[in-house]
Amino acid sequence: MNLTAIRNNAVAVITGAAVGIGYAIAERLAKEGMKLVLFDRDQHKLNNAKTQLVQAYPGLEVSIVYGDVTSR
């Protein structure tokens with residue numbers, strides 16, 4: 001990709017990152033060497049997503065945040 005925002009060592013914050021489209025985005029950005037902040041309301045699935053990404057992309061920097069974007 002040639003987008004300025006998507007580049008090695010940049011940071012991406014991804015909501016709904018535990019499954020589906022959110023996880024697919026996280027995986028794609030991991031391939032680009034980005035640092036990830038994964039956000040989801042399902043703690044168990046979010047932990048699993050982080051584990052899978054770190055195993056697939058050694059050295060990947062990933063932080064996780066549990067929460068619900070529909071709740072203040």
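Read-outs: derived from the displayed coordinates by stated rules, not from any lab. Everything quoted here is computed from the prediction, not taken from an experiment. Ideal geometry is used to build each Cβ from the backbone, glycine not excepted, and the neighbour counts take in all protein chains shown.
Quick grid of which residues meet (1) assigned to a helix (DSSP H, G or I); (2) without any contact (Cβ under 8 Å) to a residue 60 or more places away in the chain; (3) touching a strand residue (DSSP E or B) at 6+ places or on another chain (Cβ under 9 Å):
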site: Gly33; (1), (2), (3): no, yes, no
site: Asn48; (1), (2), (3): yes, yes, no
site: Leu53; (1), (2), (3): yes, yes, yes
site: Gly59; (1), (2), (3): no, yes, no
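For Val65, work out the one condition from (1) surrounded by 14 or more Cβ atoms within 10 Å (Cβ to Cβ); (2) touching a helix residue (DSSP H, G or I) at 6+ places or on another chain (Cβ under 9 Å) it doesn't fulfil.
Failing condition for Val65: (1).
Out of Arg28, Arg7, which single residue is outside any strand (DSSP E or B), loosely packed, with under 15 Cβ neighbours inside 10 Å and within 10 Å of the chain's Cα centre (by Cα)?
Every option except Arg28 fails the conditions.
Within region 14-23, restricting attention to residues that are surrounded by 12 or more Cβ atoms within 10 Å (Cβ to Cβ) and not polar (S, T, N, Q), which residue is nearest to Thr4 (Cα to Cα)? Walk me through how you get there before you give the answer.
At the first step, the residues of region 14-23 found to be surrounded by 12 or more Cβ atoms within 10 Å (Cβ to Cβ) are 14-19, 22-23.
Remaining after also requiring not polar (S, T, N, Q): 14, 16-19, 22-23.
Values: Ile14: 17, Gly16: 23, Ala17: 22, Ala18: 25, Val19: 26, Gly22: 20, Tyr23: 21 Å.
Step by step, filter region 14-23, then rank; the result is Ile14.
Looking at region 38-56, which of its residues are surrounded by fewer than 17 Cβ atoms within 10 Å (Cβ to Cβ) and not polar (S, T, N, Q)?
Residues satisfying the conditions are Arg41, Asp42, His44, Lys45, Val54, Ala56.
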